[in-house]
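The values are calculated or read from the model by the stated rules, or taken from the named source; none is laboratory data. Nothing here was measured: the structure is a model prediction, and the numbers come from that model. Cβ: placed from backbone, ideal geometry, glycine included. Neighbour counts: every protein chain shown.
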Amino acid sequence: MPETILLAQMLGLLLVIGALAGVLAGLLGVGGGIVLVPAFFFAFQTLGYGGPQLMQLCLATSLATIMVTSSRSVLSHNKKGAVDWDILRGWGPGIAIGAVVGVLVASAMRTEALQALFGILGMIIGAYLGLGRSEWRLGDAMPVGFRRLVMSPLVGFLSVLMGIGGGSFGVPLMSLYNTPIHRAVATAAGFGVIIAVPSVLGFFLVPIEPEHRPPLTIGAVNLVAFAVVVTMTMITAPWGVRLAHAMDPKPLKRVFAVFLTLVAMNMLRKALGW
């Protein structure tokens, strides 16, 4: 009976989390992970699950949802011819290697260290969302050669340590290298698949202590959260898309940047024990 009550409580929290994540993804074009990781952290902690591996549970479950949503997204974008397969082929192997290394590093880190990292990187992403300009450029084309060799694993590595897909790092990166925004968003969905698939396979092998593991968890991936959130984001993301077409999303993106910065700062505060 207690486990049934716990599952019902989890279901209620996760339905709300998935619905909000889907609307935000459709409205603002942000990756779900940047919302889901802190939301999962709050949900699991509220339900009484803590311990040194809580962030691993949040990262792994977030990446599992991204594996599905990014696959769906890249297929939809590909029907419109928006995916740049040359970028994906060139950057994919390095991103996948970085993702695998990210799992190895994340599995050895404590929750506080991963919280601090999420907080710092989240504030950087929030600052770019709020202050970045579409005309900013670092080059006329995506890097190749040695620069790609260094940068592509870094994208996969940092994404796994934050539990996010390709959008938060991939879209700004491609935009800074003169890739049109619609093409960047479409191709970043492919980054998300390349990041999520190997990392989730790795997180399936990460053991979580039984007392810190919610029901129906394999390795570090909670199947209840995965199923509920994927279902809800697929339902509510089109609502966000319709809202985006009905209003100017730029002011909302700035509001979200402030919200993300505050969430990241709160993560950092908790990591520091304040």
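A few comments on the model shown:
- A single entry from Gly48, Gly94, Gly12 fulfils the requirement of being over 19 Å from Ala264 (Cα atoms) and surrounded by 15 or more Cβ atoms within 10 Å (Cβ to Cβ): Gly94.
- Yes/no for Ala189 being in a helix (DSSP H, G or I) and of a type outside the set (Val, Ile, Thr): yes
- If only residues of region 84-132 that are β-branched (Val, Ile, Thr) and over 16 Å from the mean Cα position of the chain (by Cα) are counted, the one that is nearest to Val171 (Cα to Cα) is Ile87.
- Residues in region 105-135 that are farther than 13 Å from Leu158 by Cβ and either in a loop (DSSP other than H, G, I, E, B) or of a type in the set (Phe, Trp, Tyr) (or both): Met109, Arg110, Tyr128, Gly132, Arg133, Ser134, Glu135.
- Filtering Ile34, Ile66, Ile97 for residues that are farther than 22 Å from Leu13 by Cβ and either at pLDDT 90 or above or of a type in the set (A, V, I, L, M, F, W, C) (or both) leaves a single hit, Ile97.
- From the options Leu88, Leu75, residue that is of a type in the set (A, V, I, L, M, F, W, C), in a helix (DSSP H, G or I), touching a residue at least 60 places away in the same chain (Cβ under 8 Å) and closer than 18 Å to Thr187 by Cβ: Leu88
- Odd one out for Phe40, checked against (1) within 13 Å of the chain's Cα centre (by Cα); (2) surrounded by fewer than 21 Cβ atoms within 10 Å (Cβ to Cβ); (3) aromatic (Phe, Trp, Tyr): (2)
- Looking only at region 132-176, and only at residues there that are polar (S, T, N, Q) and closer than 19 Å to Ala96 by Cα, the one that is surrounded by the most Cβ atoms within 10 Å (Cβ to Cβ): Ser159
- Flag for Gly119 being under 21 Å from Val258 (Cα atoms) and in contact with a helix residue (DSSP H, G or I) (Cβ under 6 Å, 6 or more places away or on another chain): yes
- Lone unmet requirement of (1) out of contact with any helix residue (DSSP H, G or I) (no Cβ under 8 Å at 6 or more places or on another chain); (2) not in a helix (DSSP H, G or I) for Leu138: (1)
- Unmet criterion (only one of (1) more than 22 Å from the chain's Cα centre (by Cα); (2) modelled with pLDDT of 90 or more) for Glu135: (2)
- Scanning region 195-219 for residues that are over 16 Å from the mean Cα position of the chain (by Cα) and crowded, with 19+ Cβ neighbours inside 10 Å yields Gly202, Val206, Ile208, Arg213, Pro214, Thr217, Gly219.
- Every residue from region 69-89 that is of a type outside the set (A, V, I, L, M), farther than 28 Å from Ile218 by Cβ and either crowded, with 16+ Cβ neighbours inside 10 Å or at pLDDT below 95 (or both): Ser76, His77, Asn78, Lys79, Lys80, Gly81, Asp84
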